[in-house]
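Chemist: One structure is given below, represented as structure tokens, and several questions about it will come after.
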Amino acid sequence: MADTTLQLEARRPADAVVAPGLSWGRFIGVATILGLLLLWALASALAWTSPVFLPSPARVWDALVRAATIGYANATLVEHMAASLWRVGAALGCTLAVGVPVGLLIATSRIGRGILDPLVEFIRPLPPLAYLPLIIIWCGIGEPSKVLVISIAMLAPIVISTVSGVRAAGESQIRAARSFGATRGQLLREVMLPAALPSIFTGLRIALGAGWTTLVAAELVAATRGLGYMIQSAAQFLVTDMVIAGILMISALATVSEFFLRWIERRFLPWIGKQ
Amino acid sequence: MSILSLHNVSLRYDPDGEPVLEDVTLDLARGDFISVIGRSGSGKTSLLNLAAGFLPPSSGRVLINSRPVTGPGPDRAVVFQDDALYPWQTVVENVALPLKLAGVAPAERLQTARRLLDSVGLGEHGQRRIWQLSGGQRQRIGIARALAARPEFLLMDEPLGALDAMTREMMHGLILKLWNDSRAGTLLITHSVEEALFLSTRVVVLAPFPGRIVLNEPFDFGRRFLSGENPRVLKSDPAFIAARERLVTAIHDEETV
């Protein structure tokens, strides 16, 4: 009996070293969010500003519930979210299909780099609102324009991360494949692309951030659905609670997609960070 | 009889600079085990890169069976100093890679890869990942992968350089056994005199600035080990000790110049 007690006593300090570090960090995170909510509630309860500028958390919650049940601006919240998610997802697919091959070409071919690198560098710093009118003139006001605007914003991170990923492949890893008779295509498929995947994934996460950032711009013109459209409709009538509700929903979708990517990374790319 | 030969080969990285290798002539036949040893800067690794076809010589010729070498190929498999394995593949997939590149069907190449893993004593680790293994195990995988290409020549660039002394000794026996089974003409770059002496049918000493051959001598300690002699007895044989002193002198002679 005495022995058992002693062992339990002895084990506790070891656990205690690890556990508080984790829960402490999480505690700070939760406390920060709660503190901000409290400050927000306080600011509106004490009427520091007009509700037009800052509606109370309760009103924003009401707006969310209203949008989810009755709907707002011609559609329910779920429909708005689905429309936005579809646009960002479709743009992501298009960008990957174009950006990864472009990155591979830049990284492996001198001619490819000569042609494509200046183009990517030209597109990279452009703000979406600047090329939006041009896209509308060229492609009309339909769905393709919206996807295209988001795709362009996502392109540079994907291309650049692919290029740097391919360059991260070890000299001897490449030489090994060549010494076993790899053709150019095999070298690309068996060594360069897998070696670049961790970097491409980092690029993907940055691109997704850029995609959500561009969503509102893309939904500026002739949209009838989407979170960006919902926010703009609400803004026109100074329905500030709905604006904030929309912002919170974009942030929620972005967070969920980020966690999804991290899960994929852990599940399918276990070698990341290992040598 | 396959022969990989370097004829009066010189190599300069910079056209106006000192040559890295000057007028090197060396023949590696099937069944040979040649160790190349020398101080840093003597061009050991450059010699291997020339033989592998990673670099073209600045002058002279690199030939396989009298045909000029134009690039790397599966007839000359390379084992790298930093194992050069692929962390995105399992151990058995790494070993099977040369067969995959050659278009061998999946079932057949995995079977061959498992057999090779058995032969380097890692049969049970096929499904593991590279980073879960020790340095010695990783080099054994590198050797198994090179042998999967069924090469005529095996080019090893200081494969044991990063291993501890005990693991090295164990690897020596394994390398000799695999060499004896495959008969691949083996070129080993090393900076251990004992390793070179114990393993090789021939030891070549390179002197630096410019890299050139200053000693080229045959030995039979590896063959004696394979025919059953005790490695400890071999290494304390007066002939072994005398040869070691000769090689050490050849390596360090140039330093006084």
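Chemist: For region B:10-27, give me the residue count where each residue is within 19 Å of the chain's Cα centre (by Cα) and surrounded by 16 or more Cβ atoms within 10 Å (Cβ to Cβ).
Modeler: Quick first cut of region B:10-27, residues within 19 Å of the chain's Cα centre (by Cα) only: B:21, B:24-27.
Then drop every residue that is not surrounded by 16 or more Cβ atoms within 10 Å (Cβ to Cβ), which leaves B:21, B:24, B:26.
Here the count works out to 3.
Chemist: Continuing with the same structure: Taking only pairs six or more apart or across chains, which ones have beta-carbon atoms under 6 Å, a first residue in region A:246-274 that is closer than 28 Å to A:Thr76 by Cβ, and a second residue that is surrounded by 14 or more Cβ atoms within 10 Å (Cβ to Cβ) and hydroxyl-bearing (Ser, Thr, Tyr)?
Modeler: So the pair list comes out empty.
Chemist: Another one. Does B:Phe240 meet the test of being on the phi > 0 side of the Ramachandran plot and aromatic (Phe, Trp, Tyr)?
Modeler: On the way: on the phi > 0 side of the Ramachandran plot: no; aromatic (Phe, Trp, Tyr): yes.
For B:Phe240, the condition - on the phi > 0 side of the Ramachandran plot and aromatic (Phe, Trp, Tyr) - is not met.
Residue-by-condition table, conditions (1) in contact with a Leu (Cβ under 7 Å, 6 or more places away or on another chain); (2) surrounded by 16 or more Cβ atoms within 10 Å (Cβ to Cβ); (3) modelled with pLDDT under 80:
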position: B:Glu217; (1), (2), (3): no, no, yes
position: B:Leu234; (1), (2), (3): no, yes, yes
position: B:Pro238; (1), (2), (3): no, no, no
position: B:Ala243; (1), (2), (3): yes, yes, yes
position: B:Asp253; (1), (2), (3): no, no, yes
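Chemist: Working only within region B:28-56, note down all residues that are crowded, with 16+ Cβ neighbours inside 10 Å, more than 22 Å from B:Ala149 (Cβ to Cβ) and out of contact with any Lys or Arg (no Cβ under 6 Å at 6 or more places or on another chain).
Modeler: B:Ile37, B:Arg39, B:Ser42, B:Gly43, B:Lys44, B:Ser46 - these are the residues of region B:28-56 that are crowded, with 16+ Cβ neighbours inside 10 Å, more than 22 Å from B:Ala149 (Cβ to Cβ) and out of contact with any Lys or Arg (no Cβ under 6 Å at 6 or more places or on another chain).
Chemist: Quick one: what pairs do we get from region A:176-198, first residue farther than 13 Å from B:Ala84 by Cα and open to solvent by less than 20 Å² (accessible area, probe 1.4 Å), second β-branched (Val, Ile, Thr) and in a helix (DSSP H, G or I), C-beta under 6 Å, 6+ apart or different chains?
Modeler: A:Ala196/A:Thr162; A:Ala196/A:Val166
Chemist: Shifting gears a bit: When A:Ala169 is evaluated against the numbered criteria (1) within 14 Å of chain B (Cβ to nearest Cβ); (2) hydrophobic (A, V, I, L, M, F, W, C); (3) touching a residue at least 60 places away in the same chain (Cβ under 8 Å); (4) not in a helix (DSSP H, G or I), which criterion, by number, is the only one it fails?
Modeler: (3)
Chemist: Just name the residue that is nearest to the other protein chains (Cβ to nearest Cβ) out of those in region B:100-129 that are in a helix (DSSP H, G or I) and within 23 Å of A:Ala196 (Cα to Cα). Lay out the reasoning, then the answer.
Modeler: First, the residues of region B:100-129 that are in a helix (DSSP H, G or I): B:100-101, B:106-119, B:123-125.
Now narrow it down to the ones that are within 23 Å of A:Ala196 (Cα to Cα): B:100-101.
Details: B:Lys100: 7, B:Leu101: 5 Å.
Taking the candidates together, the pick is B:Leu101.
Chemist: Would you kindly identify the helices (runs of 4 or more DSSP H) lying entirely within region A:64-143 that contain at least 2 residues that are under 25 Å from A:Gly246 (Cα atoms) and open to solvent by less than 70 Å² (accessible area, probe 1.4 Å)?
Modeler: In region A:64-143, A:77-108, A:128-139 are the helices (runs of 4 or more DSSP H) which contain 2 or more residues that are under 25 Å from A:Gly246 (Cα atoms) and open to solvent by less than 70 Å² (accessible area, probe 1.4 Å).
Chemist: Of all the residues that make up region B:175-195, how many are in contact with a helix residue (DSSP H, G or I) (Cβ under 7 Å, 6 or more places away or on another chain) and not polar (S, T, N, Q)? Steps first, please.
Modeler: Within region B:175-195, the subset in contact with a helix residue (DSSP H, G or I) (Cβ under 7 Å, 6 or more places away or on another chain) is B:175-176, B:178, B:180, B:182, B:186-190, B:193-195.
Okay, now just the ones that are also not polar (S, T, N, Q), so B:175-176, B:178, B:187-189, B:193-195.
Here the count works out to 9.
Chemist: Now for a different question. Restricting the search to region B:47-99, which residues are among the polar types (S, T, N, Q), at the interface with chain A (Cβ under 10 Å from one of its Cβ atoms) and either in contact (Cβ under 8 Å) with a residue 12 or more places away in the chain or part of a loop (DSSP other than H, G, I, E, B) (or both)? Steps first, answer last, please.
Modeler: First, the residues of region B:47-99 that are among the polar types (S, T, N, Q): B:49, B:58-59, B:65-66, B:70, B:81, B:89-90, B:94.
If we keep only those that are at the interface with chain A (Cβ under 10 Å from one of its Cβ atoms) too, we end up with B:49, B:81, B:89, B:94.
Selection gives B:Gln81, B:Gln89, B:Asn94.
The values are calculated or read from the model by the stated rules, or taken from the named source; none is laboratory data. Computed from a prediction, not measured in an experiment: that's the story for all the values here. In this analysis, Cβ positions are derived from the backbone assuming ideal geometry, glycine residues included, and neighbour counts consider all displayed protein chains. What goes into the accessible areas is simple: the full protein's heavy atoms, side chains included, and nothing from ligands, DNA or RNA. Shrake-Rupley method; radii C 1.70, N 1.55, O 1.52, S 1.80 Å.
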